[in-house]
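Undergrad: Dumping the structure here so I can ask a few things about it.
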Amino acid sequence: MRTESLARLAALAQEVQYDSHEPLFRENEAAEALFLVLEGEISVVRGGREADKVGANQLLGTLPLLTGESYSESALAMRPVRVLQIDQQEFYDAIADDFNLARGVLRALAKMASQAS
């Protein structure tokens, strides 16, 4: 992704801190943001059971944000967490205006999908 595209994405993001055991979002809530974890660890809980852990430099909430669906899991800070949060409409506007940003997001999603399989 080009530096200009990354700078634009960073300008949209808000740095947010969550305390231990504080939810970033809950299962079945409307997906309104995606998160890039800067620091800390997040437990991803699906159906009442921990399904995954997410740490620094990992994205969270990307697929539901793009598909317009609800979050399929809850995300709970395991200890104090710092994230960059990007709201849905701002994200949509940015990728609509910047092809390089859209291509970078698609590449990141493809990489995530290949690592999951």
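The values are calculated or read from the model by the stated rules, or taken from the named source; none is laboratory data. These numbers were taken from a predicted model, which means no experiment stands behind them. Cβ sites come from the backbone with ideal geometry, for glycine too, and all protein chains shown count toward neighbours.
Undergrad: With Glu41, Glu69 as the choices, which residue is touching a strand residue (DSSP E or B) at 6+ places or on another chain (Cβ under 8 Å), within 22 Å of Lys111 (Cα to Cα) and at pLDDT 90 or above?
TA: Glu41
Undergrad: Also, quick follow-up: Give me the strands (runs of 3 or more DSSP E) completely within segment 43-89, filtered to those with at least 2 residues that are of a type in the set (A, V, I, L, M, F, W, C), in contact (Cβ under 8 Å) with a residue 60 or more places away in the chain and surrounded by 13 or more Cβ atoms within 10 Å (Cβ to Cβ), ordered by residue number.
TA: Ranges flagged: 81-87.
Undergrad: Something else: Would you confirm whether or not segment 9-24 contains a residue that is aliphatic (A, V, I, L, M) and touching a helix residue (DSSP H, G or I) at 6+ places or on another chain (Cβ under 7 Å)?
TA: For segment 9-24, residues aliphatic (A, V, I, L, M) and touching a helix residue (DSSP H, G or I) at 6+ places or on another chain (Cβ under 7 Å): present.
Undergrad: Turning to a different aspect of this structure: Quick check on this structure: which one of Ala11, Ala33 is out of contact with any strand residue (DSSP E or B) (no Cβ under 6 Å at 6 or more places or on another chain) and either within 19 Å of Leu84 (Cβ to Cβ) or crowded, with 17+ Cβ neighbours inside 10 Å (or both)?
TA: Ala11
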